[in-house]
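The values are calculated or read from the model by the stated rules, or taken from the named source; none is laboratory data. None of the values given here were measured: they were computed from a predicted structure. Cβ coordinates were reconstructed from backbone atoms using ideal geometry, including for glycine residues, and neighbour counts include every protein chain displayed.
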Amino acid sequence: MSRADFRPFVPEPGQSRIAGATAEEHTAAICRRERARKLLAGWAKLGEQPFTGLTSDGRVRGGLFSLRSEDAPASAMTDAAIALLARLSPEQKRRMVFAVESERWRHWQNTELCVDGHGLRLDGAGPDLREAVLSVLEASLSPKGIEKSRSVMRLNAFLGELLDAPGVLGEWSYTFALFGVPSVSEPWGWHLFGHHLSLNCLVIGGQMVLTPCFMGAEPTYADQGRFEGISLFADEERGGLELMRSLTPQMRDRARVSASMNGEDHPPGRWHPADHFHLGGAYQDNRVVPYEGLPCDSLTKPQQRKLLDLVEAYVDPLPSGPLRARMDEVARHLGDTHFCWIGGVEETAAFYYRIQSPVIFIEFDQHSGLFLTNAEPQSFHVHTIVRTPNGNDYGVDLLRLHYMQAHHHGRRGAD
């Protein structure tokens, strides 16, 4: 696609979904609308449910995860977090720091709305404090992970500039919180979330979990201004297409659960990306998602390699040690992995795909416009999601095992 293809979809001022000059004014106006009230009420109800984890059949499979050293950068992470804490006022600490078992881990979402009531809002913090938060991210993530996260934030600002709404959609329109006491041996972590970005990172000594992980952009590239040249999700788009195109016609038919991205040929009553809500999105921690599509044990060795390369494009925000461990984990369950597809495979076709196994859940979705005005899905609006099914999002299962090993009792539930 041309880098100017989204320009015709920039709304006129009267068409814009922006409802206020600041994030707070915009949120107040949007939340008076019935659709937003229903969405938030649904999230609140889901957030009250005890955590079990995303599953394929409603039953959590045990024995999938274990405590082990993966060479996670716990020391550098701890130093960066301690330096951040030293910069916080008592009130900032009260809003930003919670017990490692806190249910507030699960209170993230990827909209532009300020509705969460906890954490440090970065656009209200000074430059020094923002840099201290970024230092925690830099100590925790791979260079690719930092690049992708900052690109999401900068493309959010680019969207704000397109819409003349920098107070609503900005580079720093994100919330950060710490969980637990930073330590090289005991469990602790952090999350960062806002429009098109949610990172949830738990570390226990040399081991790390970085899910749920949501990254998206509308548009996926900046073609002018201070962020010109930033682009996201080319590897995820190209890798999905290459895998799908490598399949035989019979395999492709089995992988494809719907040919239409607008739901025209999808069975009634079943989820479809035209609904604009993801199976693994915000507050979907306990969702049951049956396997669909093509079992990956039927792939050839070269096709399995394509699949694993595609998975790595999603987990590469992890530093090198945890990345290797995560890929080994995915490879061990390749025979129990499924790949499904919605949409076309032509150059101009929009599409959705999902990779799902007992240990990983990945979604890629090309959207119609939410802030831009494209009525049909386009490749310049993308959402991606990575989760760890069967109870290990937020590192919950590892935390349980840690407490068992230490002869303690712990649960996620107390602030």
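Take the conditions (1) buried (at least 23 other Cβ atoms within 10 Å of the Cβ); (2) without any contact (Cβ under 8 Å) to a residue 12 or more places away in the chain; residue 362 misses just one of them, which is (2).
Per-residue answers, yes or no, for (1) modelled with pLDDT under 95; (2) small (Gly, Ala, Ser); (3) under 17 Å from residue 282 (Cβ atoms):
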residue	(1), (2), (3)
89	no, yes, no
104	no, no, yes
116	yes, no, yes
121	no, no, no
157	no, yes, no
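Is one or more of the residues making up segment 30-51 assigned by TED's automatic domain parsing to the domain that holds residue 207, under 19 Å from the mean Cα position of the chain (by Cα), within 22 Å of residue 187 (Cα to Cα) and assigned to a helix (DSSP H, G or I)? No, that holds for no residue.
Quick one: would you say residue 313 is buried (at least 19 other Cβ atoms within 10 Å of the Cβ) and part of a helix (DSSP H, G or I)? Answer is yes for this residue.
If you go through segment 206-238 and keep only what is modelled with pLDDT of 95 or more and among the polar types (S, T, N, Q), you end up with 207, 211, 220, 231. Looking at residue 260, is it at pLDDT 95 or above, part of a loop (DSSP other than H, G, I, E, B) and either over 23 Å from the mean Cα position of the chain (by Cα) or buried (at least 23 other Cβ atoms within 10 Å of the Cβ) (or both)? It is false that residue 260 is at pLDDT 95 or above, part of a loop (DSSP other than H, G, I, E, B) and either over 23 Å from the mean Cα position of the chain (by Cα) or buried (at least 23 other Cβ atoms within 10 Å of the Cβ) (or both). Is there a residue being within 21 Å of residue 7 (Cβ to Cβ), out of contact with any Leu (no Cβ under 9 Å at 6 or more places or on another chain), at pLDDT 95 or above and not assigned by TED's automatic domain parsing to the domain that holds residue 373 anywhere in segment 180-198? Scanning segment 180-198 turns up no residue that is within 21 Å of residue 7 (Cβ to Cβ), out of contact with any Leu (no Cβ under 9 Å at 6 or more places or on another chain), at pLDDT 95 or above and not assigned by TED's automatic domain parsing to the domain that holds residue 373. Here's a check for you: in segment 213-230, which residue that is in contact (Cβ under 8 Å) with a residue 60 or more places away in the chain, not in a loop (DSSP other than H, G, I, E, B) and not hydrophobic (A, V, I, L, M, F, W, C) is nearest to residue 108 (Cα to Cα)? Per the criteria, the residue is 216.
Scanning segment 96-138 for residues that are in a helix (DSSP H, G or I) and either within 22 Å of residue 26 (Cα to Cα) or within 19 Å of the chain's Cα centre (by Cα) (or both) yields 103, 104, 105, 106, 122, 123, 124, 133, 134, 136, 137, 138. The single condition among (1) outside any helix (DSSP H, G or I); (2) over 26 Å from residue 374 (Cβ atoms); (3) not small (Gly, Ala, Ser) that residue 24 does not meet is (1). Within the set 333, 381, the sole residue that is surrounded by fewer than 23 Cβ atoms within 10 Å (Cβ to Cβ), of a type outside the set (Val, Ile, Thr) and at pLDDT 95 or above turns out to be 333.
Okay, residues lined up against (1) touching a Cys at 6+ places or on another chain (Cβ under 7 Å); (2) touching a residue at least 40 places away in the same chain (Cβ under 8 Å); (3) surrounded by 20 or more Cβ atoms within 10 Å (Cβ to Cβ); (4) of a type outside the set (Lys, Arg):
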{"site": "90", "(1), (2), (3), (4)": "no, no, no, yes"}
{"site": "120", "(1), (2), (3), (4)": "no, yes, yes, yes"}
{"site": "123", "(1), (2), (3), (4)": "no, yes, no, yes"}
{"site": "126", "(1), (2), (3), (4)": "no, no, no, yes"}
{"site": "132", "(1), (2), (3), (4)": "no, yes, yes, yes"}
{"site": "143", "(1), (2), (3), (4)": "no, no, no, yes"}
{"site": "149", "(1), (2), (3), (4)": "no, yes, yes, yes"}
{"site": "155", "(1), (2), (3), (4)": "no, yes, yes, yes"}
{"site": "163", "(1), (2), (3), (4)": "no, yes, no, yes"}
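The set of residues in segment 271-297 that are part of a loop (DSSP other than H, G, I, E, B), over 22 Å from residue 49 (Cβ atoms) and at pLDDT below 65 comprises 272, 276. Selection of segment 212-255 for residues being small (Gly, Ala, Ser) and under 25 Å from the mean Cα position of the chain (by Cα) yields 216, 217, 222, 229, 231, 234, 239, 240, 255.
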